[in-house]
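The values are calculated or read from the model by the stated rules, or taken from the named source; none is laboratory data. Being a predicted model, the structure only gives us computed values, none of them experimental. Ideal geometry is used to build each Cβ from the backbone, glycine not excepted, and the neighbour counts take in all protein chains shown. Please note that ligands, DNA and RNA were not included when accessible areas were found on the heavy atoms of the full protein model with its side chains. Shrake-Rupley method; radii C 1.70, N 1.55, O 1.52, S 1.80 Å.
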Amino acid sequence: MTESDSAAAYTVAHIDDMPFEEGSSPGTEWKPVRRIFGIGSFGTALARATAAGDTLTHDHDELTARHEELFLIVSGHATYRVDGEEIDAPAGTFLYVPDPATVRGAVAVDAGTTMFVVGAEPGASFTPSDWDTAPLPE
């Protein structure tokens, strides 16, 4: 990760250089983007599958956090799952889930599939979840 001469101006990082934690599926790389950059106004992370069939994000709702979420398949191919419906999601496919009660998840169709997600509670100050305040992986 590199920073500009003025650390407040910007920070640059490549996906391959970011530390990762094991995600919802063994082998899935979960990259805590919010923690890496120190983002304070919204939650964001990236998941990369190492094998076809890896879970990019487990089926979940956001009732506790009250988050709306926006997902993007950056590369590869995935299947979004929304309230039991499967949605084909090749690279470039967004999924917006405004209702925190809606159950959502994603599974990689291809090895190397990368998914980016952003979420926060509408109209509220962002508060990171417990997992999103842990120290960065080494």
Per residue, how much accessible area does the chain show when a 1.4 Å probe rolls over the protein heavy atoms, in square angstrom? 53
Around residue 48: net Lys/Arg minus Asp/Glu count, Cβ-Cβ under 10 Å: -2
Using a 10 angstrom cutoff on alpha carbons, build the Gaussian network for the chain and name the most mobile of 19, 122, 98. 122
Ranking 98, 39, 53 by how far each Cα lies towards the positive end of the charge dipole of the chain (+1 on Lys and Arg Cβ, -1 on Asp and Glu Cβ), the top one is 39
Accessible area in the full protein assembly, largest first, 1.4 Å probe, for 86, 29: 86, 29
Using only Cα atoms, locate the centre of the stretch 84-136 and the centre of the stretch 32-65, then give the distance between them in Å, rounded to an integer. 6
Residues listed by number, the stretch 52-82, amide nitrogen under 12 Å from residue 91 label point at 7 Å toward C-beta: 73-78
Taking only Cα atoms and a 10 Å spring cutoff, compute GNM fluctuations for the chain and point out the largest among 90, 26, 128. 26
Sorted largest first, the Cα spans of the stretch 64-127 on the principal axes come out in Å as 36, 22, 15
Base-10 log of normalised Debye intensity for the chain (one unit scatterer per alpha-carbon) at q = 0.12 Å⁻¹: -0.47
With all protein chains present and a 1.4 Å probe, how do 73, 15 order by accessible area, largest first? 15, 73
